[in-house]
Structure formats: C-alpha cells, structure tokens
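Participant: Structure in structure tokens, see below.
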Amino acid sequence: MSTPPNLKVAIIQANLKWEDANANRSFFSKEIAALSDAVELIVLPEMFTTGFSMNAENLAEKKQGQTLLWMQEQAKLKNAAITGSVIVTENGQFYNRLFFVFPDGTVQKYDKRHTFTLAKEDQTYTAGTKRLIVNYRGWKICPLICYDLRFPVWARNTEDYDLLIYVANWPKKRVAAWDALLKARAIENMSFCIGVNRVGEDGDGYVYNGHSAVYDCLGENLTDQNDETEFSKEITLDKNHLEKTRDQLKFLQDRDKFRLI
C-alpha cells in the first residue's frame, strides 16, 4: 500500500490593523513570501483584513472583491492553498465569509454559521446554512469560523474528514475555553484540528493573545506552546498517523446517530 500524503501547513498569527485592509494584506504578503516552498496550506485568522468589526457597510467587499483576488494571487505565487475569512456583501446581505483558495485560483466558500450574539454579530451578518468539506491533496478538510467552535454538533465528523480548521478573533478573557475546545474537537472527531487566532488590541478595545495551535487526533498540541505574539509556523500533518490511530481505536465507528430512542 502507498503511504498516505502528508500535508505541510503554515499558520500565521497576526496583530491585525483595525479596519485597514491594505495594511493587513501587505503584512500577510510578506509573511507568506517568507514561508518555505514546501508549504501546501496557509491558514489566516478570521476577518484578517479588518479585525472583528461590525462596520460591514463600510468594509464589506463584493464576493469577488480585492481580497479574494489577492488570495488567488498569493495562492498561485506560493503554489499553496490559502484560507481565512473576510467581510463580504452579496445580494444586499453581509457575511463573515471564509474563502478556501486552491493553488490554481479555484475558490470554495463557507459562511459563518454561528454569528456571535454577544457582539451583536447576528444583527449585522447573515448566518450561513451549509457546512463545507474541501477535498485537497488527498485530505478532507472542514473549515469553520470562531464562535462555531462552541457548537460540537456543527463540527461533528460525519464525513470522516481529516482536518478541522477554526479561524478566529477569540479574546484573551476567554482563551482558556479556546484552548480546551480546540483540543476537545480534535479528540472527539478523531481528526487534526487547527485554530488560528490573532493578537493585539482591536478598535473596540478587545485584547487578543493568540494561542494559535495545531492538535493531532489524540489531542496532542503539535505547536508545543501557547504563543501570544505574532508568528508564522509550519507544521507537517502525518496522514499515516491519523489513519493508524483511527484503525486502532475505531472511535468514529461508535458515534451516535442522534436518534430518539
């Protein structure tokens, strides 16, 4: 049998410039250019061009706007997929929309399902209704956004995906929950789990301390520590480790059907 393909992932934790798309794109362009040519997937935070802003009327881009064009350009230059979320307007509605951009420029999208009511995100952005499963280089990937992390049923691994991704602006005051839930999602879904958060203070006075991390299917933190400053890290995800662990433990085979008894 052939060895399943590994996946080289880069996560970029940034101090986002408040509502300044040009400055943020410039920062990420430099960070992406500095990554090794071996990188196959690059993960950016939630609303990576603006910070977590409710100023959608002034910040929203069209569904094929400047940031998506930039992502397509970066993906082609690096020959790697890129994902992260952006404020988008479509048909008179605003969305917190994650783009998954393939190296050839092909795009798939996911609109955040759980809008954060505490920040009144639900009053500004329309919630998505469909989950996305991306097939990329022999990996099945489920990308989600921030507050989705608190809802395990939405992330439930019914498709046998290999990698769960959360892009986020998750504040320092609740970072213990971020750490615990990322690990839990990895363990319960028997998948790799990536969480990419931001650092710094936003324009609304909220402070973020990162803790971006990569967990394996047993809940081991592959990034070693909870960094609270800007960084870029490259991690290789071992598909053989994932498949061997699933074959040995078979926990997914015993998952509930959620039927009333």
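The values are calculated or read from the model by the stated rules, or taken from the named source; none is laboratory data. Everything quoted here is computed from the prediction, not taken from an experiment. As a convention, Cβ positions derive from the backbone with ideal geometry for all residues, glycine included, and neighbour counts pool all protein chains shown. In case anyone asks, the SASA skips ligands and DNA or RNA and just uses the protein heavy atoms, side chains included. Shrake-Rupley method; radii C 1.70, N 1.55, O 1.52, S 1.80 Å.
Participant: Considering Cα pairs under 8 angstrom that are at least six residues apart, work out the relative contact order of region 117-261 and quote it in whole percent.
Facilitator: Dividing the mean separation by the residue count of region 117-261 yields 16 percent.
Participant: On the accessible surface of the chain, probed at 1.4 Å, how many percent belong to carbon and sulfur atoms?
Facilitator: Whole-percent figure for carbon plus sulfur exposure: 48.
Participant: Go ahead and run the numbers for FRET between D256 and A127, Cβ-Cβ distance against an R0 of 30 Å, rounding to 0.05.
Facilitator: 0.75
Participant: Which aspartates and glutamates have a Cα less than 19 Å from the Cα of K78, not counting those fewer than 8 places away in the same chain?
Facilitator: K78 reaches E31, D37, E40, D104, E234.
Participant: Additional query: Taking 7 Å along the Cα-to-C-beta vector as the label spot, tell me the A33-E243 distance in nanometres, rounded to one decimal.
Facilitator: My value for the distance between the label points is 3.9 nm.
Participant: Taking amide H atoms as placed 1.01 Å from N in the peptide plane, list the residues 5 or more away in sequence, or in a different chain, whose amide H sits under 5 Å from that of F116.
Facilitator: Amide H neighbours of F116, under 5 Å, 5+ apart: E121, D122.
Participant: Checking the cross-link filter: which aspartates and glutamates have an alpha carbon closer than 13 Å to that of K112, excluding same-chain neighbours under 8 positions apart?
Facilitator: E46, E121, D122, D148
Participant: Mind listing the long-range amide H neighbours of L237? Cut-off is under 5 Å, sequence gap 5 or more, other chains count too, H placed in the peptide plane at 1.01 Å from N.
Facilitator: For L237, whose amide H was placed from the backbone, the distant partners under 5 Å are L7, K8, V9.
Participant: Taking springs between alpha-carbon atoms closer than 10 angstrom, which of Q72, Q108, Q64 fluctuates most in the Gaussian network model of the chain?
Facilitator: Q64
Participant: In deg cm²/dmol and to the nearest 500, what is the mean residue ellipticity at 222 nm of the chain if only DSSP H runs of at least 4 residues count, each as -39500 (n - 2.57), divided by the residue total?
Facilitator: It comes out at -6500 deg cm²/dmol, rounded to the nearest 500.
Participant: So how do 128-136, 146-154 stack up, highest first, on mean other-Cβ count within 10 Å?
Facilitator: Peptide ranking by packing, descending: 146-154, 128-136.
Participant: Distance between Cα centroids, region 83-114 to region 199-246: provide it in whole Å.
Facilitator: 22
Participant: Moving to a separate point now. Could you give the spread of the C-alpha atoms of region 34-134 along their three principal axes, from largest to smallest, in whole angstroms?
Facilitator: 41, 27, 24
Participant: State which entries of K30/K63; K63/K172; K62/K257 exceed 28 angstrom in Cα-Cα distance in the structure shown.
Facilitator: Result: K63/K172; K62/K257 exceed 28 Å.
Participant: Can I ask one more? I want the local charge near G203. Using Cβ-Cβ distances under 11 Å, sum +1 for each Lys or Arg and -1 for each Asp or Glu among the other residues.
Facilitator: -4
Participant: I'd like the Karplus ³J(HN,Hα) series for region 163-168: coefficients 6.51, -1.76, 1.60, θ = phi - 60°, whole numbers in Hz, and an x wherever there's a Gly or Pro.
Facilitator: 9, 10, 10, 10, 9, 8
Participant: Leaving out ligands and nucleic acids, and using a 1.4 Å probe, what accessible area per residue does region 48-94 come to in Å²?
Facilitator: Per-residue value: 46 Å².
Participant: If you wrap a convex hull around the alpha carbons of the chain, what volume per residue comes out, as a whole number of Å³?
Facilitator: Dividing the Cα hull volume of the chain by its residues yields 132 Å³.
Participant: Give me the percent relative contact order of region 1-140, please, defined on Cα pairs under 8 angstrom at least 6 residues apart. Walk me through the numbers on the way to the answer.
Facilitator: On the way: 246 pairs, mean separation 27.4, N = 140.
With pairs under 8 Å counted, the relative contact order is 20 percent.
Participant: Nearest-5 percent of antiparallel DSSP beta bridges in region 1-95?
Facilitator: Details: 3 of 11 bridges.
In region 1-95, DSSP labels about 25 percent of beta bridges as antiparallel.
Participant: Continuing with the same structure: Which entries of K183/K244; K76/K140; K17/K120; K140/K250; K173/K250 show an alpha-carbon separation above 26 angstrom in the structure shown? Mind showing how you got there, number by number?
Facilitator: Values: K183/K244 19 Å; K76/K140 21 Å; K17/K120 21 Å; K140/K250 18 Å; K173/K250 36 Å.
Checking Cα-Cα distances, K173/K250 exceed 26 Å.
Participant: Which residue, H241, H211, H114, tops the fluctuation ranking in a GNM of the chain built on C-alpha contacts under 10 Å?
Facilitator: Result for the chain, Cα springs under 10 Å: H241 fluctuates most.
Participant: Something else about it: How much of the DSSP bridge set in region 63-186 is antiparallel, in percent, rounded to the nearest 5?
Facilitator: 75
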